[in-house]
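Here the structure comes first, spelled out in structure tokens, and everything after it is commentary.
Derivation of every value follows stated rules applied to the coordinates shown; laboratory data play no part. Values in this document were obtained by computation on a predicted structure and should not be read as measured data. Positions of Cβ are generated from backbone atoms using ideal geometry, with glycine treated the same way; all protein chains shown enter the neighbour counts.
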Amino acid sequence: MSGADELQAVERWAGALLMQLSPAGRRKAMLDIARELRRSQQARIASQQDPDGTAYTPRKIKAKKDGKKLRGKRGRIKRAAMFAKLRTARYMQLEATPAGLALGFAGRVARIARIHQFGELAPVTPGGPNARYPARVLLGFTDAERELVRDRLLSHVMNKS
């Protein structure tokens, strides 16, 4: 099932339940679900995994034909976890309204996130050579996140007053 089909199925299922809540109750439920989804997405990105559980494609290390490193310390490829800044709340923003919720990236980092999410062709440095980045899915639903949405939504519907 594609990402769009998956979201439409969740929307149809959740829409009927959400209509039982007042607009304020829907907004509160959406905000609660969005916060939990952001925490879950941040943890998954920190563990460097796609939603299906496979590891992200590691960064490439370029080497000369004689086996020596192509670069010294300057301009080296960092071995720290990828997307450390992208997964912070400052960049991974959420929006909740009675009509729905949105979780995504804001500002200039949205372009970086899109390139990695879909594995697009983009310049390595501004004005530099283009490279095809492997798809590293930053935002997507895992089975656990689907259950989390369902459980949170049901808990809000059951506790409505």
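General remarks:
- Reachable aspartates and glutamates from LYS28, criterion Cα separation under 13 angstrom, eight or more residues apart if same chain: GLU36, GLU95
- Charge tally in the Cβ shell below 13 Å around MET158, where Lys, Arg are +1 and Asp, Glu are -1, MET158 excluded: +2
- Within the straight-line cut-off of under 15 Å between alpha carbons, the aspartates and glutamates reachable from LYS160 are ASP32, ASP151, sequence neighbours fewer than 8 places apart in one chain being disregarded.
- Simple Cβ-charge dipole of region 82-161, Lys/Arg +1 and Asp/Glu -1, about Cα centre, in debye nearest 20: 260 debye
- Neighbour net charge for ALA16 - beta-carbon separation under 15 angstrom, K R +1, D E -1: +3
- The Cβ shell under 14 Å around GLY25 holds other residues with a net charge of +4, Lys and Arg each +1, Asp and Glu each -1.
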